[in-house]
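Bear in mind these aren't lab numbers, they're just calculated from the coordinates by the rules spelled out. What you are looking at is a predicted structure, and each value in this text was computed from that prediction instead of being measured. Here the Cβ positions follow ideal geometry from the backbone for every residue, glycine too, while neighbour counts run over all protein chains shown.
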Amino acid sequence: MLQAFYNDAIPIKQLKAEQARLADEEVHAEQLLEQAQNAIGDPERIISRALEFARDTATAYEHCSDHDRHELNHAWFEAIYVDDLEPVEGELRPAMAALLDPELPQKLQTQNTAYAHDPTGIDWDHVIDQINRSHTAQDHGSKVPLMVGDT
């Protein structure tokens, strides 16, 4: 834009109008960024709270409100089967099944070794697949986003 002004391709009035528009957009973008940061909160505090929860999910679940338990059930399970004559059973979501997999430490070690030679070796197909699974899960009633994918 400035180059066009220098070459007399646009008048000063148009340049000033464009500068004002860009300044307004910058202010608006900064406001959106601030709103997003406020909505997210302090990432360290959130991660700390999540780790506290993960240390003892059973106790945390016991102390949740009914609404939060319902949301956690949707986040953790594809389905929960209740029968008066049988114990309650559940089908875990892929992410939760991966986290509870007894072979998880070995799988993480294998993955870590594989990425040691190429630290940018992200399996983007897997990431996109997890995002798509998350959207599919949400389409079937869960309002809790998938936060951890299969490993």
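The simple spin-label model puts a point 7 Å past each Cα toward its Cβ; for L99 and A36 those points are separated by 2.5 nm.
Footprinting exposure proxy ranking of R45, R93, fewest other C-beta atoms within 10 angstrom first, gives R45, R93.
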